[in-house]
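One structure is given below, encoded as structure tokens.
The values are calculated or read from the model by the stated rules, or taken from the named source; none is laboratory data. All of these numbers come straight from a predicted model, not from anything done at the bench. Note that each Cβ is placed from the backbone with ideal geometry, even for glycine, and that neighbours are counted across all protein chains shown. Areas reflect the complete protein model, heavy atoms only, side chains present, ligands, DNA and RNA absent. Shrake-Rupley method; radii C 1.70, N 1.55, O 1.52, S 1.80 Å.
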Amino acid sequence: EPDEQMLGSLRAAVDRQLGSTAAEHVRSRLGSAEEIPLSDASVDVVIAGQSYHWFDPGPAHDEIARVLVPGGVFAPIWNLRDDSVGWVADLTRIVASADTTRSDGVGYRSVGLRFGPVERAAFAHAVSYTPDGLVELVQSRSYYLTADPRQRAQLEADVRALVDSHPDLAGRSSFE
């Protein structure tokens, strides 16, 4: 993790989830995809959960290949909205102009010459939100965090309007 504050949050979450004794076996360090603080050929898997769009691909691919054992796996992961759900498709339209990082992985037919062919798998899951929770979700995304204050305010207003007016959401205290 490249951010000390986020690394602290990770360590606290691991401690809460596993307990301090088990958490002692989980190593976490400051670093980035472009500068991984691990030895050559020292890990079996590198997972990039919802972060690949932040990478500088050339240096990151070189670093990931360096730390992977021969035959190791690089697994970028995306959490994608299910646009087959009507209100979710409307949410996608709201954030589309700001969300330039959205990818279903189709654009990633290759992650560099140092890796084999891309394999894809999809796993469906549902999350419950409150109206405020949906706004907070949007506020946690990189497209929101990098937007100017006017764009942020517009995104928040548009998401609240969606929750207030969409037939599947209006008047509900929570929804999936």
Virtual paramagnetic centre 7 Å along Cα→Cβ of Asp62, amide N under 13 Å, in segment 10-43: 34-36
With every protein chain in place, the chain: carbon and sulfur % of accessible area (1.4 Å): 52 percent
Packing-based ranking, highest mean first, of 27-34, 90-97 given that Cβ atoms within 10 Å are counted: 90-97, 27-34
Average accessible surface area per residue within the chain, 1.4 Å rolling probe, Å²: 66 Å²
Acute angle (nearest 10 degrees) that the helix 57-67 long axis makes with the longest principal axis of the chain, alpha-carbon atoms: 50 degrees
Stretchable slack from Ala153 to Ser174, in nm (0.36 nm times residue separation minus alpha-carbon distance): 5.3 nm
Mean residue ellipticity (222 nm) of the chain, computed from DSSP H runs ≥ 4 via -39,500 (n - 2.57), nearest 500: -12500 deg cm²/dmol
In degrees, nearest ten, helix 86-95 long axis to first principal axis of the chain (Cα): 70 degrees
Rounded, prolate or oblate (a/c below 1.5 giving rounded, otherwise prolate when a/b exceeds b/c) for segment 1-123 by Cα gyration tensor: oblate
Length gained when the stretch Ser140-Val73 is fully extended (0.36 nm per residue, less Cα-Cα span): 21.3 nm
Relative contact order [Cα under 8 Å, 6+ residues apart], the chain, whole percent: 16 percent
Antiparallel bridges, percent of DSSP beta bridges restricted to the chain (to nearest 5): 25 percent
Length released on extending from Ala12 to Arg160, taking residue separation times 0.36 nm less the Cα-Cα span: 50.1 nm
